[in-house]
Amino acid sequence: KTMVFAHKSMDKVAQKLQELHPEQIVLGKCRWETFNDGFPNLALNEDDCHSMTRMPTVYLGSFHDPNNIFEQLAILYALPSMGALQFRVFLPWFCTGTMERVEVLGQIATAETLARVLSATPHAASGPTRITIFDIHALQEQFYFNDNVHVELKSAVWLLRQELAHLSASSDGFSPRSSILPPGMLAQDKKFAICFPDDGAAKRFGKKFPEYPHCVCSKVREGDSRVVRVKDGNPAGFDCVIVDDLVQSGGTLVECAKALREMGAKSILCFVTHGVFPRNSWERFLDVDKTGIQRFYLTDTIPRNCELHGQGPFRVLSIAPLLGHLLSHSRLDDLRGLLR
């Protein structure tokens with residue numbers, strides 16, 4: 001069994017995980033309260049504290065709101081210190097990932113700051129903490145962490161592969177999935193083309209979709225302005241799926257969709273793992289006629305996005321099956337280690 005503690009914002013994901021694996025997942029109880037002065041008043045269930053010394057322990061968190069980071073760090077640091085047999089942190093969205101470079105004197109790479117904070121996580125009884133992140137913005141950010149923790153970078157695009165494989169089986173073109181199909185079992189439906197808004201996304205995600213044709217967009221200068229054009233591939237006649245790690249204002253995605261339509265794309269879908277959407281920028285996508293994006297897939301790595309499911313083009317895919325898959329494989333690896 002594995003004991004899972006979750007921040008209150010990730011309760012729905014934790015519950016889905018437990019529903020998928022009722023025999024393996026035990027949900028730990030945590031009190032998330034505040035004192036009168038506003039500082040956290042936190043406590044773990046006493047029985048859970050005893051139990052986690054005999055089983056692997058997981059913390060499922062979300063740093064989507066700066067106001068809840070301190071309280072989560074308090075729990076995150078406490079769990080291994082209280083004697084957890086093994087400790088793993090699922091932090092699906094690395095929230096400062098887009099602030100990873102210093103271009104002028106005085107700028108601060110807060111991606112490195114957060115990595116240093118997480119690297120201070122204590123060891124569990126059996127060794128270092130493992131920190132799992134999905135679709136981090138820049139792969140080199142893993143080197144901001146020090147050797148006190150083990151960093152594991154994973155991708156949520158397998159949820160999109162699952163969805164594409166079953167899309168034609170649903171009457172409305174969408175149905176939620178509760179398990180992960182291995183790549184060899186996925187349908188090779190060639191009506192889809194996987195499209196990328198830039199070369200970086202193509203290099204990063206292209207190899208995850210080997211059976212689909214690819215298109216790559218790029219910004220080019222035309223006169224005094226920069227516009228998005230399709231630089232590689234032919235989208236004509238295909239249902240084009242734009243894939244990227246995150247979306248903020250969404251301007252690039254809209255321009256990419258426009259370029260694909262101008263070259264004859266049959267329809268436009270979009271998948272991003274992390275829907276950041278500052279200042280409610282998601283609202284622009286409700287006007288499907290204007291954006292040209294008929295279906296917009298997100299995940300619940302940022303919990304507030306669950307509220308978007310079913311609004312306009314938005315469909316939210318849960319990462320719970322991915323978490324269950326990773327935990328199941330971890331248990332098998334641990335067992336193999338014991339049998340060696």
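Looking at (1) open to solvent by 10 Å² or more (accessible area, probe 1.4 Å); (2) assigned to a strand (DSSP E or B); (3) within 27 Å of Phe296 (Cα to Cα); (4) among the β-branched types (Val, Ile, Thr), which one does Thr98 not meet, given that it meets all the others?
(2)
Pairs please, first residue from segment 3-21 and part of a helix (DSSP H, G or I), second anywhere and of a type in the set (D, E, K, R), Cβ atoms under 7 Å, 6+ apart in sequence or on different chains.
Here the result reads Val13/Asp300, each pair linking segment 3-21 to a residue that is of a type in the set (D, E, K, R).
Quick check on my filter: what residues within segment 23-78 are part of a helix (DSSP H, G or I), without any contact (Cβ under 8 Å) to a residue 12 or more places away in the chain and farther than 24 Å from Ile302 by Cα?
Answer for segment 23-78, where residues must be part of a helix (DSSP H, G or I), without any contact (Cβ under 8 Å) to a residue 12 or more places away in the chain and farther than 24 Å from Ile302 by Cα: Glu46, Asp47, His50.
Within segment 72-84, work out how many residues are open to solvent by less than 30 Å² (accessible area, probe 1.4 Å) and small (Gly, Ala, Ser).
3
Here is a yes/no grid of residues against (1) outside any helix (DSSP H, G or I); (2) without any contact (Cβ under 8 Å) to a residue 60 or more places away in the chain:
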{"residue": "Arg88", "(1), (2)": "yes, no"}
{"residue": "Phe94", "(1), (2)": "yes, yes"}
{"residue": "Val102", "(1), (2)": "yes, yes"}
{"residue": "Thr121", "(1), (2)": "yes, yes"}
{"residue": "Gln140", "(1), (2)": "no, yes"}
{"residue": "Asp147", "(1), (2)": "yes, yes"}
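Can you name the condition, by its number, that Lys258 falls short on among (1) open to solvent by less than 70 Å² (accessible area, probe 1.4 Å); (2) part of a helix (DSSP H, G or I)?
(1)
I'd like to verify a number: residues in segment 42-70 that are crowded, with 20+ Cβ neighbours inside 10 Å, more than 16 Å from Pro122 (Cα to Cα) and touching a Leu at 6+ places or on another chain (Cβ under 8 Å), how many?
Qualifying residue count for the region: 4.
Residues are listed down the side, and each one gets a yes or a no for (1) farther than 19 Å from Val13 by Cβ; (2) open to solvent by less than 10 Å² (accessible area, probe 1.4 Å); (3) of a type outside the set (A, V, I, L, M, F, W, C):
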position: Phe39; (1), (2), (3): yes, no, no
position: Gln86; (1), (2), (3): yes, no, yes
position: Val102; (1), (2), (3): yes, no, no
position: Leu105; (1), (2), (3): yes, no, no
position: Thr113; (1), (2), (3): yes, no, yes
position: Gly127; (1), (2), (3): yes, no, yes
position: Ile131; (1), (2), (3): no, yes, no
position: Phe134; (1), (2), (3): no, yes, no
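What do you reckon, is Cys240 touching a helix residue (DSSP H, G or I) at 6+ places or on another chain (Cβ under 8 Å) and farther than 23 Å from Phe134 by Cα?
On the way: touching a helix residue (DSSP H, G or I) at 6+ places or on another chain (Cβ under 8 Å): yes; farther than 23 Å from Phe134 by Cα: yes.
So Cys240 fits the description; yes.
Does Gly264 fit the bill of being of a type in the set (Gly, Ala, Ser), open to solvent by 10 Å² or more (accessible area, probe 1.4 Å), in contact with a Pro (Cβ under 9 Å, 6 or more places away or on another chain) and over 17 Å from Val13 (Cα atoms)? Quick ask: steps written out before the conclusion?
Working: of a type in the set (Gly, Ala, Ser): yes; open to solvent by 10 Å² or more (accessible area, probe 1.4 Å): yes; in contact with a Pro (Cβ under 9 Å, 6 or more places away or on another chain): yes; over 17 Å from Val13 (Cα atoms): yes.
Criteria met by Gly264.
Report whether or not Leu286 is free of Cβ contacts under 8 Å to residues at least 40 places away in the same chain and open to solvent by 50 Å² or more (accessible area, probe 1.4 Å).
Judged against the criteria, Leu286 is a match.
Within segment 136-166, how many residues turn out to be open to solvent by 40 Å² or more (accessible area, probe 1.4 Å) and not acidic (Asp, Glu)?
Counting residues in segment 136-166 that are open to solvent by 40 Å² or more (accessible area, probe 1.4 Å) and not acidic (Asp, Glu) gives 14.
The values are calculated or read from the model by the stated rules, or taken from the named source; none is laboratory data. In this text, all values refer to a predicted model and were calculated from it rather than measured experimentally. A quick note on method: Cβ atoms are made from the backbone with ideal geometry, for glycine too, and the neighbour counts reach across all protein chains shown. Just the protein is used for accessible areas: all its heavy atoms, side chains included, with ligands, DNA and RNA removed. Shrake-Rupley method; radii C 1.70, N 1.55, O 1.52, S 1.80 Å.
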